[in-house]
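Here is the structure we will look at, set down as structure tokens.
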Amino acid sequence: GQQVMQIPQYQHVQEGEDFTTYCNSSTTLSNIQWYKQRPGGHPVFLIQLVKSGEVKKQKRLTFQFGEAKKNSSLHITATQTTDVGTYFCAGAGSARQLTFGSGTQLTVLP
Amino acid sequence: DARVTQTPRHKVTEMGQEVTMRCQPILGHNTVFWYRQTMMQGLELLAYFRNRAPLDDSGMPKDRFSAEMPDATLATLKIQPSEPRDSAVYFCASGLLAGDNEQFFGPGTRLTVL
């Protein structure tokens, strides 16, 4: 079945540093989504990427979808304490279901 | 604003007891998902419904878990009998059209089985 791998599992950064999490799928995806889960909270949808090579920005967050539609990344510029949480990618395959990655837990040190 | 609701938010029970978790999806959403989240296994899909029909429950232990949608405003996840290894946070999510669209998660039910 479809597998979605996400690295790193944990990342600690100093406030102001950049952060990147990477997502790789074993199969070609129709779309990839990113979610953020604050500590003690629930996953919240951030964005969806559909096109090969697509790049989208939300303020300090930059999302990329690979040319082969098998990988994706989320980059945060100049992290803030409000960025703390776990970031999940979720890939949609041929079965039209989402498979969530294992998540990257981001800690931002003040 | 519209959101997914789940009850109870917390549940502590003893091994062997029946547990029922409830979810009210966002009005108008036709897909409903049940996930289980643990530190070890991450976010696991347990069941997926579209238009109240179960499409995928392959991630759910069949011997003790069951999921139903008695109507469009209620989804239930039942564990009988519960075991300590079932301790986790159970999320319900809803969405539109197909299983690969944006999902809206509820606040979750934190289950502890002693």
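Here are a few things to note about the model shown:
- Residue selected from segment B:50-74 under the condition acidic (Asp, Glu) and not in a loop (DSSP other than H, G, I, E, B), by the criterion nearest to A:Gln105 (Cα to Cα): B:Asp56
- When residues of segment B:25-49 are limited to those that are assigned to a strand (DSSP E or B), modelled with pLDDT of 90 or more and surrounded by fewer than 18 Cβ atoms within 10 Å (Cβ to Cβ), the one nearest to the chain's Cα centre (by Cα): B:Glu44
- Selection within segment A:33-45 - outside any loop (DSSP other than H, G, I, E, B) and facing another protein chain (nearest Cβ under 10 Å): A:Gln33, A:Tyr35, A:Gln37, A:Val44, A:Phe45
- Every condition in (1) polar (S, T, N, Q); (2) over 20 Å from A:Phe100 (Cα atoms); (3) modelled with pLDDT under 90 is met by B:Thr76 except one, and the failing one is (3).
- Taking segment A:46-78 as the range and being in a loop (DSSP other than H, G, I, E, B) and either touching a Lys or Arg at 6+ places or on another chain (Cβ under 8 Å) or within 14 Å of another protein chain (Cβ to nearest Cβ) (or both) as the test, the residues that pass are A:Val50, A:Ser52, A:Lys69, A:Thr77, A:Ala78.
- Scanning segment B:102-114 for residues that are surrounded by fewer than 19 Cβ atoms within 10 Å (Cβ to Cβ) and at the interface with chain A (Cβ under 8 Å from one of its Cβ atoms), we see that the one that is nearest to B:Cys23 (Cα to Cα) is B:Pro107.
- Among (1) over 12 Å from the mean Cα position of the chain (by Cα); (2) more than 13 Å from chain B (Cβ to nearest Cβ) - the single one A:Ser94 does not satisfy: (2)
- Annotation: of all residues in segment A:100-110 being more than 8 Å from chain B (Cβ to nearest Cβ) and in a strand (DSSP E or B), the one that is surrounded by the fewest Cβ atoms within 10 Å (Cβ to Cβ) is A:Leu109.
- Top-ranked residue in segment B:66-97 [being of a type in the set (A, V, I, L, M), surrounded by 16 or more Cβ atoms within 10 Å (Cβ to Cβ) and within 14 Å of another protein chain (Cβ to nearest Cβ); ranked as nearest to B:Gln6 (Cα to Cα)]: B:Ala93
- A:Thr86 vs. criteria without any contact (Cβ under 8 Å) to a residue 40 or more places away in the chain, within 19 Å of A:Gln11 (Cβ to Cβ), assigned to a strand (DSSP E or B) and touching a Lys or Arg at 6+ places or on another chain (Cβ under 8 Å): no
The values are calculated or read from the model by the stated rules, or taken from the named source; none is laboratory data. The structure presented is a predicted model; accordingly, all values stated were derived computationally and were not measured. Note: ideal-geometry Cβ built from the backbone for every residue, glycine included; neighbour counts use all protein chains shown.
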